[in-house]
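The structure appears right after this line, and notes come after that.
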Amino acid sequence: MTQAHIRRDAEAAGTLIRLAEGAGLVRMHPRTLRRWIAQGRLTGWRMPSGHIHVDRDEVLSLAKPMHTADLQHEVSA
């Protein structure tokens, strides 16, 4: 499946949202999402309007809460 087909499927499903809206969903700065796009961690779509859109489900899947055990491991390391 090509990138164009993936985008059309996401648009048809109504899951593409503006970058700022995606950032608001996960309480992060839009620059964080832009950095994730640049790193290849998140797919960004430049729309004809010039705005960047992201897939809502993809944003939510990347922003997962950490478990307490994970936090304790980081502090002790």
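The numbers here are math on the coordinates, done by the rules we state, and not lab data. Only a predicted model underlies this, so the values are computations on that prediction, with no experimental measurement involved. A quick note on method: Cβ atoms are made from the backbone with ideal geometry, for glycine too, and the neighbour counts reach across all protein chains shown.
With a simple spin-label model that places each label point 7 Å from the Cα along the Cα-to-Cβ direction, the separation between residue 26 and residue 41 comes to 0.7 nm.
Here segment 24-64 was treated as a single set of alpha-carbon atoms; its pair distances binned every 5 Å from 0 give 6, 22, 37, 25, 8, 2, 0 percent.
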